[in-house]
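What follows is one structure encoded as structure tokens, with my remarks underneath.
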Amino acid sequence: LDTVQVSTGLPWWGVLLGAGLVLRTTLLPINIFQQKKIIRDMPHTLAMVKIREAMQQAKAREDSILALTKTNELAYYKRKHKVRSVMWLMIPGAAAMALNFWSIRGLTNLPYQPLVDSSLLYLPSMVATDPYYILPAVNAVLVVYAMKKGVDTGGTSPLKEMFDKPMVVASAVVLCAVCFSNFPSALLMYWSGSNAVGLAVIHPLLRNERFRAEVGLLSRAETNVILDQQPTPSTLMKQQEELFDIRREQGHKKDQEARQLKLEEMRKVSEMRKDMDEEEIKSVTEEWAAEKRKMEAEKEEMDRRLAKMEAEMAEMKLKQG
């Protein structure tokens, strides 16, 4: 950025606006290629969502066999129809935007003196925040409008259902404005250029049917038909709620089973204690009965000996007489 500013002699606010414009325009071919890949795979998205939903429900019910079956079915479906992840397509754009962000952020944190001395209208410096919060508000409106209109698709925005609610739009604008108010003016100028070229150039270009045909994109009507068939945020939220209900029911069932098992164990322990008491009583009773029989036997023996002694004494008296 410093090299561009020194070479062209443009003011820093012009360099920052131009950086956003050039970056957004440079990423257009990648965006088009990404759209082709996404649109090609979208007819398979609904089928994969159903398989993935069944897999998640099986995991929630802890049905490991069904979960493994659905996992293999999903992998086979992707391999059969050659469905690949598009995450790697986002890496170049995300890397370029992050690089620019941290570059400008680093210059403002130094602070870089030419940026400090650069001013525009009521902005005293490019490293200072907007004192009247005009740039944060403008960028917040542009960002939310871009998300609502689907600037990068030229067709129906995937977030259209969400942003059809005025309260959601207002909340998003306020939240973005509050976040942007803490950023230096240099970053907001860069984002202003990027958002402006997106809305003023890229969005109309992607809505042009002739241009779409030239670059190999489907028409807007065909694209909208495919996009309308995809799960909406409310549908995805409903699926998550259903999974939560399944997990909650499963957890309640497990809790009831655990309680029942605990009660069964307590009942068994109580019966064991009861059995042990009865056995102890029986053992004591048997010991007492044996002792009683022993005492009776000893008494009988003593009575027999006493009777014998009495008989011997009587016999001795008879002999003496």
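The values are calculated or read from the model by the stated rules, or taken from the named source; none is laboratory data. Because the structure is predicted, anything quoted here is derived from the model rather than measured. No Cβ is skipped: glycine too gets one built from the backbone with ideal geometry, and neighbour counts run over all protein chains shown. Just so you know, the surface numbers come from the protein's heavy atoms only, side chains and all, with ligands and any DNA or RNA stripped out. Shrake-Rupley method; radii C 1.70, N 1.55, O 1.52, S 1.80 Å.
Exactly one of (1) loosely packed, with under 15 Cβ neighbours inside 10 Å; (2) within 23 Å of the chain's Cα centre (by Cα); (3) not charged (D, E, K, R) is unmet by HIS81. Its number? The single condition HIS81 does not satisfy is (2).
Of all residues in segment 106-128, those being surrounded by 14 or more Cβ atoms within 10 Å (Cβ to Cβ) and within 15 Å of LEU16 (Cα to Cα) number 14. The number of residues in segment 179-190 that are in a helix (DSSP H, G or I) and over 13 Å from VAL144 (Cβ atoms) comes to 6. Criterion applied to PHE183, PHE211 was being open to solvent by 40 Å² or more (accessible area, probe 1.4 Å), more than 33 Å from the chain's Cα centre (by Cα) and more than 16 Å from LEU21 (Cα to Cα), and the one residue passing it is PHE211. Among the candidates ALA96, ALA60, ALA47, the residue that is of a type in the set (A, V, I, L, M), in contact (Cβ under 8 Å) with a residue 40 or more places away in the chain and either within 30 Å of PRO29 (Cα to Cα) or touching an Asp or Glu at 6+ places or on another chain (Cβ under 8 Å) (or both) is uniquely ALA96. In a residue-by-residue description of segment 61-68, the property of being over 23 Å from GLY251 (Cβ atoms) and acidic (Asp, Glu) applies to no position.
Okay, residues lined up against (1) within 30 Å of ALA60 (Cβ to Cβ); (2) assigned to a helix (DSSP H, G or I); (3) modelled with pLDDT under 75; (4) open to solvent by 100 Å² or more (accessible area, probe 1.4 Å):
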{"residue": "GLU249", "(1), (2), (3), (4)": "yes, yes, no, yes"}
{"residue": "LEU263", "(1), (2), (3), (4)": "yes, yes, no, yes"}
{"residue": "SER283", "(1), (2), (3), (4)": "no, yes, yes, no"}
{"residue": "ALA297", "(1), (2), (3), (4)": "no, yes, no, no"}
{"residue": "MET309", "(1), (2), (3), (4)": "no, yes, no, yes"}
{"residue": "LYS317", "(1), (2), (3), (4)": "no, yes, yes, yes"}
